[in-house]
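All remarks here apply to the structure that follows.
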Amino acid sequence: MMYDPKPEHKFTFGLWTVGNIGRDPFGEPVRAALSPVEIARLLAEVGAWGVNLHDNDLVPIDATPAERDRIVHDFKAALEETGLVVPMATTNLFSDPAFKDGAFTANDARVRAYALQKTMRAIDLGVELGATTYVFWGGREGVESDATKSAPDSIKRFREAINFLSAYVRDQGYDLRFALEPKPNEPRGDIYFATVGAMLGFISTLDHPEMVGVNPEMAHEHMAGLNFLHAVAQAWEAGKLFHIDLNDQVLGRYDQDLRFGSQNIKSAFFLVKFLEDVGYNGSRHFDAHAYRTEDVEGVKDFARGCMRNYLILKEKAARYNADAEIQALLAEITADDGATASYQGPYSRERAAALKAASFDRAALGARGYAYERLDQLTVELLLGVR
């Protein structure tokens with residue numbers, strides 16, 4: 001079937017996504033917890049390629065070494081049974097009360113040291129399971145009041161942590177890249193490095209920027225009313241799109257983590273089109289969860305829906321690229337008659353002099369219509385299925 005997931009699509013879910021039990025700030029759980037082995041089997045049933053995890057999604061934070069080894073052994077057996085892979089792992093540095101003031105940016109030096117220890121152990125676990133990407137989401141790395149924490153000191157502390165962990169990975173000889181995940185707020189009132197652009201600027205200050213990229217999340221950019229495609233394109237153009245989190249979100253709301261493609265169809269379409277057009281070859285990770293109204297079968301419907309919507313939009317992107325009217329209009333809009341060829345290209349003294357001396361018909365430039373209304377309407381009609 002055209003919209004059935006296949007391994008080459010590299011669709012992944014986290015243990016925490018399909019394993020979400022439906023608790024929210026106003027309500028108790030509505031679904032029974034599934035074990036990691038049960039989640040792996042569920043994901044294999046719906047056709048996913050891989051499963052990602054925080055350390056404590058798999059191994060409880062208070063597990064003994066013997067319990068840890070037994071849990072990991074059983075999970076590896078489930079991976080072997082189902083054929084699932086683990087392309088990405090991360091650390092939970094936000095749930096435990098020890099991290100209520102942050103992890104790498106906490107004011108308490110003992111918390112910062114514990115966070116590094118926990119992350120090194122979690123990196124070891126991720127590599128043991130086959131992960132080649134390691135994500136950092138600093139959910140508690142922020143403040144409710146700027147009176148409580150120095151922003152410059154917090155930035156330095158975060159840098160020191162990433163530098164330390166980069167050196168650890170290199171010293172261990174691990175084949176692992178880091179992906180930093182921005183978010184503007186929630187659960188902290190304000191989180192440091194709120195956007196993809198902020199993370200990209202930060203990465204350039206690191207000891208080993210070549211091994212650190214970003215993990216943009218659709219809902220996180222939309223929470224701030226930003227354009228997710230633009231963030232992803234900036235990361236891609238910088239060579240830093242190491243991973244991506246797909247979901248959906250009503251702009252400006254709390255972090256909803258809705259089924260991919262369930263809200264902003266046009267935004268999701270242009271994102272999928274971009275990823276497919278540029279040849280993005282990484283995981284398509286769905287960091288979302290089912291509605292609180294759902295039982296386990298509804299969770300399966302949610303997971304299938306994420307993948308199916310991506311594949312439907314992928315097919316729509318192919319139609320867009322093959323649509324003769326749309327492509328003719330794009331060619332007309334972007335047509336270049338060569339009149340400015342002598343001014344284009346890198347700076348030279350001669351080119352600058354020629355450009356300064358050139359004459360432009362400003363009135364004609366201002367009078368031109370670009371036919372963007374027509375182009376956008378054709379796009380909408382294609383998405384609505386009438387083209």
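Considering only residues in the stretch 1-59 that are out of contact with any Phe, Trp or Tyr (no Cβ under 7 Å at 6 or more places or on another chain) and of a type in the set (F, W, Y), the one that is nearest to N247 (Cα to Cα) turns out to be W16. Within the stretch 53-78, if we keep just the residues that are of a type in the set (D, E, K, R) and more than 15 Å from A89 (Cα to Cα), the residue that is surrounded by the most Cβ atoms within 10 Å (Cβ to Cβ) turns out to be R68. Filtered by the rule that a residue be within 18 Å of K10 (Cα to Cα), of a type outside the set (A, V, I, L, M) and touching a strand residue (DSSP E or B) at 6+ places or on another chain (Cβ under 8 Å), the stretch 230-280 gives F242, H243, D245, N247, R259, F260, G261, Y280. May I ask you to list the residues in the stretch 165-187 that are crowded, with 16+ Cβ neighbours inside 10 Å and either in contact with a Leu (Cβ under 8 Å, 6 or more places away or on another chain) or basic (K, R) (or both)? Answer for the stretch 165-187, where residues must be crowded, with 16+ Cβ neighbours inside 10 Å and either in contact with a Leu (Cβ under 8 Å, 6 or more places away or on another chain) or basic (K, R) (or both): L165, S166, V169, R177, F178, K183. Considering each of L93, L79 in turn, give the residue that is in the same structural domain as S166 (by TED's automatic domain parsing), under 23 Å from the mean Cα position of the chain (by Cα) and not polar (S, T, N, Q). Selected residue: L93, the only one of L93, L79 that is in the same structural domain as S166 (by TED's automatic domain parsing), under 23 Å from the mean Cα position of the chain (by Cα) and not polar (S, T, N, Q).
Only one residue in L313, L258 is more than 25 Å from G369 (Cβ to Cβ), aliphatic (A, V, I, L, M), assigned by TED's automatic domain parsing to the domain that holds H230 and touching a His at 6+ places or on another chain (Cβ under 9 Å). Which one? So the residue among L313, L258 that is more than 25 Å from G369 (Cβ to Cβ), aliphatic (A, V, I, L, M), assigned by TED's automatic domain parsing to the domain that holds H230 and touching a His at 6+ places or on another chain (Cβ under 9 Å) is L258. Taking (1) farther than 30 Å from K76 by Cβ; (2) part of a helix (DSSP H, G or I); (3) touching a residue at least 24 places away in the same chain (Cβ under 8 Å) in turn, S166 satisfies each apart from (1). Of all residues in the stretch 357-387, those satisfying the criterion of being at pLDDT 95 or above and of a type in the set (D, E, K, R) are D361, R362, R368, E373, R374, D376, E381.
The values are calculated or read from the model by the stated rules, or taken from the named source; none is laboratory data. Just so we're clear, the structure is a prediction, and the values are computed from it rather than from any experiment. Glycine gets a Cβ as well: all are built from the backbone with ideal geometry, and neighbour counts include every protein chain shown.
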